[in-house]
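Taking it in order: structure first as structure tokens, then the write-up.
The values are calculated or read from the model by the stated rules, or taken from the named source; none is laboratory data. Keep in mind that what you see is a predicted model, and the values were worked out from it rather than measured. Heads up, the Cβs are rebuilt from the backbone with ideal geometry, glycines too, and the neighbour counts pull from every protein chain shown. Note: accessible area is taken over every heavy atom of the protein model, side chains too, but ligands, DNA and RNA are not part of it. Shrake-Rupley method; radii C 1.70, N 1.55, O 1.52, S 1.80 Å.
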Amino acid sequence: MVSKAFRKCVEIIEEILKQGYRLQIPSTHIERIIKLHIGADKRTIEKYTRMLTEDFHFLETTAKNPLGITIYRIDIPTIEQHVSEHMKEKLRQLTLLDVRLRGEEVNAEKV
């Protein structure tokens, strides 16, 4: 089972890619996306930024400018790996659900 936080991080990455970022993105834009799609609280922004960079490694720090803006590199291979693992898990769950439903249909026909 994949957590809601992981799914939200994937949604953030999807939004980043929708907005046209392919290689790098500044921290100010990450913060804006988190504010719009998840929440504007300072702790929420810090939490999701930390998850994207440290926990899931979807983003990697490339540079910091004197104004305090961090430039992140978007790590597409890592993102694809995590998402494919998530999809495999989802497919396994669907398969088990299908087996249960088919078993119930057979039992219903016998009655």
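Given R0 = 22 Å, the distance between the Cβ atoms of residue 64 and residue 23 translates into a calculated FRET efficiency of 0.80.
Got a number for carbon plus sulfur as a percent of the range 39-81's accessible area, 1.4 Å probe?
Summing carbon and sulfur atoms, their accessible area is 52 percent of the total for the range 39-81.
Once you've got the Cα coordinates, tell me which of 8/64; 4/64; 4/47 are over 18 Å apart. Pairs exceeding the cut-off: 8/64; 4/64. Scanning residues 5 or more positions from residue 62 or on other chains, those with amide H under 5 Å from its amide H are 71, 72, 73, with H placed 1.01 Å from N in the peptide plane.
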